[in-house]
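Encoded as structure tokens, the structure appears first; notes follow it.
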Amino acid sequence: MPTQITNAITSILRDLPPPGKFEVYDYDRDFDKLWGNILGTAALPFDGLVICGIDAPSRQLPETLQWGPFAKHLSAISWAAARRLRHPDSPVRVLLVGDTEQGPESAAGKLGVLYRARSESGSPLVPGIQWLQKPNRVEVETWFKNVPAPNDEANGAFDHLLRDTVWDGLTSNREGHHSVSNVLGALLLRKAPGINAAVSSPLEEYFHALVRSLITTDVAPGGGIPDWKPSGDKAIPAAVLIDDMAELWSPFLRGALGLDGQSSHLHVFGEHDFRQAILALPTKLGSLLLVPPAGLSVAHLVGDRKLKAKDFILFLDLRLFSGDEAASGEFYEKMCRFGQKLIEKNDRWLPWLSADEFLALEEELQAAQRPVIVAAPADAVDKKGRANPVETLLPRLLSLLDPTLPIVIFSSTHRAELTEPFKNYGNIITCFRKPMLSELHRGWKHVLPEVADDFRRAVGQAISILKARRLLRNLQP
């Protein structure tokens with residue numbers, strides 16, 4: 001469809017050459033060119049731009065990501081808003097031609113209302129951008145002849161409306177918000193001072209371009225490079241990352257921890273098939289109960305028997321399935337069975353738990369097994385009426401299995417119901433969280449130092465636990 005529109009617009013240009021130089025872009029064909037150049041400072045070498053087609057073409061993403069949640073933020077309508085915000089004084093006119101599958105409540109629908117709005121004089125409230133959904137020839141010819149350049153009637157107030165509308169679309173839609181926020185947080189941090197990791201896909205660059213049109217991602221003047229690790233000689237021998245979006249987050253962790261792959265390593269759990277690896281984890285942990293190891297090693301989690309290191313930090317995301325309810329239900333059902341076996345092997349004592357808490361955990365695991373589990377099991381409620389979200393089960397059971405393994409919760413939430421269950425587990429560290437979209441509106445230069453400080457504190461606590469781990473191991477016969 002965009003190609004047909006492109007041919008029609010090109011035909012009009014041949015029959016009615018407008019004053020000045022105009023370019024016609026097909027949004028399907030020229031998607032990468034448009035988003036790839038949006039952050040450039042050079043002026044566009046033409047007077048007007050016609051974009052034929054509205055919705056983003058499909059793009060291949062890592063298997064843990066779905067294109068849909070990102071595509072809705074990368075429409076031609078959003079591109080026009082982002083370019084206007086990045087270049088408010090540009091004289092280049094933009095005409096968007098074509099319809100969209102997005103509804104009126106979407107960011108694209110709301111931006112379209114702004115593009116069509118007129119002042120009392122009849123001039124556009126957002127100058128220089130017009131959207132014709134189903135135009136006829138006369139409407140297109142009229143645009144070529146009559147639309148003023150953006151700075152003829154610059155309206156800063158409506159630039160704020162554009163910014164707020166795009167931002168609201170990013171942050172208010174719960175569907176896919178976790179994945180969108182995760183991509184943005186990973187991308188911003190891997191570009192942070194002291195990290196500077198390479199970007200792995202064009203999508204991340206385009207998404208970053210959109211966000212940079214909304215907020216400043218510059219670091220505060222004089223801020224320098226944040227300290228990601230505690231001061232002093234505190235080398236980190238190894239780390240393991242369990243995260244369904246590890247491909248996005250591992251570059252940040254490698255840079256922040258200084259794990260260069262020579263003297264120290266970051267091991268990614270389920271690097272080649274995360275879904276298969278995470279579903280097999282409860283069974284793997286259960287097999288360790290038969291011959292209890294003297295603390296987990298990297299090999300026990302990653303599966304490579306050559307990785308004997310026992311001194312490592314585990315970074316663990318709480319949301320591991322990104323909407324895959326079937327896999328989530330299967331995983332937590334297996335984890336409950338593993339938890340019951342763990343209790344059976346330690347029927348009188350488990351670390352961190354008082355007698356009442358031991359009984360509460362036992363009841364929680366039994367309660368989760370009673371109903372037929374279709375998706376993720378309902379949050380188990382213990383005898384005191386406290387609901388423990390199922391996302392907290394894996395870190396709690398790992399903590400009980402190996403109480404000297406430092407476990408850093410590597411998630412984007414500090415919701416009390418997700419952190420409260422960890423309060424008595426001395427080796428679970430909850431002071432760090434990934435940056436969230438809702439926080440970034442106040443500026444990256446304010447958020448980044450806080451993220452670095454929280455990460456540094458989390459690593460410092462983990463290093464202290466590692467020291468105790470080594471000491472206890474040396475005391476064992």
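For residue 306, the lysines whose Cα falls under 18 Å of its own Cα, not counting residues fewer than eight places away in the same chain, are 284. Here region 2-171 is treated with +1 on each Lys and Arg Cβ and -1 on each Asp and Glu Cβ, and its dipole about the Cα centre works out to around 160 debye. In order along region 202-215, the phi-based Karplus estimate (6.51 cos²θ - 1.76 cosθ + 1.60, θ = phi - 60°) of 3J(HN,Hα) comes to x, 3, 4, 5, 5, 5, 5, 4, 4, 5, 5, 7, 9, 9 Hz; Gly and Pro are listed as x.
So in region 2-171, what percent of DSSP beta bridges are antiparallel if you round to the nearest 5? If we restrict to bridges inside region 2-171, about 5 percent are antiparallel.
Judged by the mean number of other Cβ atoms found within 10 Å, the most tightly packed of the peptides 134-145, 91-102 leads the ranking 91-102, 134-145. Classify region 264-306 from the C-alpha gyration tensor, please: rounded if a/c falls under 1.5, else prolate or oblate depending on whether a/b exceeds b/c. Cα axes put region 264-306 in the oblate bin. When the chymotrypsin sites (Phe, Trp or Tyr not before Pro) in region 246-355 are filtered for DSSP coil states and for at most 16 other beta-carbon atoms within 10 Å of their beta-carbon, the remaining sites are 349. Bridgeable aspartates and glutamates around residue 110 (alpha carbons under 15 Å apart, same-chain partners fewer than 8 residues away excluded): 55, 99, 101, 159, 164, 168. In straight Cα distance, which aspartates and glutamates are under 13 Å from residue 229, not counting same-chain residues fewer than 8 positions off? Within the straight-line limit of under 13 Å, residue 229 reaches these aspartates and glutamates: 453, 454.
We did not get these values from a lab; they are worked out from the coordinates using the rules stated. From a predicted model like this one, the values you see are computed outputs, not experimental measurements. Note: ideal-geometry Cβ built from the backbone for every residue, glycine included; neighbour counts use all protein chains shown.
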